[in-house]
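Remarks on the structure that follows.
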Amino acid sequence: MAIIYKTWWKVLAVVLVLYTLVAGILIPVPAKYILNETIRNLYFHVPMWMAMFSVFTISVIYSLKYLRSGKIEDDLVVVECVNTGMMFYVLGLLTGMLWAKYTWGEYWSGDPKQNSAAIAFLLYCAYLVLRNSIDEEQKRAKISAIYNIFAFPIMIVLLFVLPRMTDSLHPGNGGNPGFNSYDLDKNMRFVLYPAFIGWSLLGVWIATLRYRMRIIEYKNESV
């Protein structure tokens, strides 16, 4: 029973991801002007961002927890969540660029949403650089935690606020309507919503594995 209790969400993650991979390719989608079959990328592009937000949110929670507890284990959770989030960030950017190529005509058009996403990506790259530039363990963990707490809301502003204040080709920004009931039919919702859950759980799973590996390395170095 204990094993089932600990692994059910991992099984759910695998099932949902496999389901969305297969259903995302096979289930019919609405025939929309310009988008056509590329609308299937919605099943992959947006869930990558959801997975990223999930682990980034956990990283902020544990940054706050570290500042209260001072436990190095909390700091290691933070850094591995950020590392995992960056992986999904790259996947989100790549799937977005691929989609842009087929709908906007080029991989990178300087769209406000694209530019804001690039700036936010560099913001988290700076977090990793900051960690590697400080040798003293407690000082590195504390400064990194503070940086991470402030980086998260800045990322939210860059991705969801600023692009809405100017013209943008990206759905849901700059007066351009987002995907809604007109764009998403029942079939697409049956794939997209499970994809949100599945990829987010997978992100947490990957972060958990990375954390366990980091803990082992830390203990070996402390011996």
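The values are calculated or read from the model by the stated rules, or taken from the named source; none is laboratory data. For clarity, every value in this text was computed on a predicted model and none was experimentally measured. Cβ placement follows ideal geometry from the backbone for every residue including glycine, while neighbour counts extend to all protein chains displayed. To get the accessible areas, we keep the full protein, side chains included, count just its heavy atoms, and leave off ligands, DNA and RNA. Shrake-Rupley method; radii C 1.70, N 1.55, O 1.52, S 1.80 Å.
State yes or no: is residue 65 within 30 Å of residue 219 (Cα to Cα) and without any contact (Cβ under 8 Å) to a residue 40 or more places away in the chain? Walk me through it before giving the result.
Details: within 30 Å of residue 219 (Cα to Cα): yes; without any contact (Cβ under 8 Å) to a residue 40 or more places away in the chain: yes.
Considered against the rule, which asks whether it is within 30 Å of residue 219 (Cα to Cα) and without any contact (Cβ under 8 Å) to a residue 40 or more places away in the chain, residue 65 comes out as yes.
Within segment 122-149, being open to solvent by 60 Å² or more (accessible area, probe 1.4 Å) and not in a helix (DSSP H, G or I) holds for 133, 135, 136. When the test is whether a residue is more than 19 Å from the chain's Cα centre (by Cα) and surrounded by fewer than 21 Cβ atoms within 10 Å (Cβ to Cβ), residue 99 does not pass it. Is it the case that residue 85 is open to solvent by less than 40 Å² (accessible area, probe 1.4 Å), under 16 Å from residue 169 (Cβ atoms) and within 14 Å of the chain's Cα centre (by Cα)? So residue 85 fails the test. Of the residues in segment 199-216, how many are open to solvent by less than 90 Å² (accessible area, probe 1.4 Å) and more than 21 Å from the chain's Cα centre (by Cα)? Looking only at that region, the number is 1.
Pairing each residue of segment 195-223 that is touching a residue at least 40 places away in the same chain (Cβ under 8 Å) with any residue that is among the aromatic types (Phe, Trp, Tyr) and open to solvent by less than 40 Å² (accessible area, probe 1.4 Å), provided the two are 6+ apart or on different chains, yields C-beta distances under 7 Å for 195/43; 203/88. Against the definition (over 16 Å from residue 203 (Cα atoms) and open to solvent by less than 50 Å² (accessible area, probe 1.4 Å)), how does residue 70 come out, yes or no? When the stated conditions are applied, residue 70 passes them. Checking residue 30 against (1) farther than 13 Å from residue 191 by Cα; (2) at pLDDT 90 or above; (3) not hydrophobic (A, V, I, L, M, F, W, C), which test does it fail? Evaluating residue 30 over (1) farther than 13 Å from residue 191 by Cα; (2) at pLDDT 90 or above; (3) not hydrophobic (A, V, I, L, M, F, W, C) leaves (2) as the failure. Scanning segment 102-121 for residues that are more than 21 Å from the chain's Cα centre (by Cα) and not in a helix (DSSP H, G or I) turns up 104, 105, 106, 109, 110. Taking residue 184 as the residue in question, decide whether it is open to solvent by less than 30 Å² (accessible area, probe 1.4 Å), more than 27 Å from residue 74 (Cα to Cα) and either modelled with pLDDT of 95 or more or not β-branched (Val, Ile, Thr) (or both). Yes, satisfied.
Residues that are open to solvent by 80 Å² or more (accessible area, probe 1.4 Å) and of a type in the set (D, E, K, R) were ranked within segment 1-54; the one that is farthest from residue 80 (Cα to Cα) is 37.
Residues in segment 10-61 that are in contact (Cβ under 8 Å) with a residue 60 or more places away in the chain, hydrophobic (A, V, I, L, M, F, W, C) and part of a loop (DSSP other than H, G, I, E, B): 27, 29, 34, 35. Among the residues examined, residue 80 qualifies as among the acidic types (Asp, Glu) and in contact with a Phe, Trp or Tyr (Cβ under 8 Å, 6 or more places away or on another chain).
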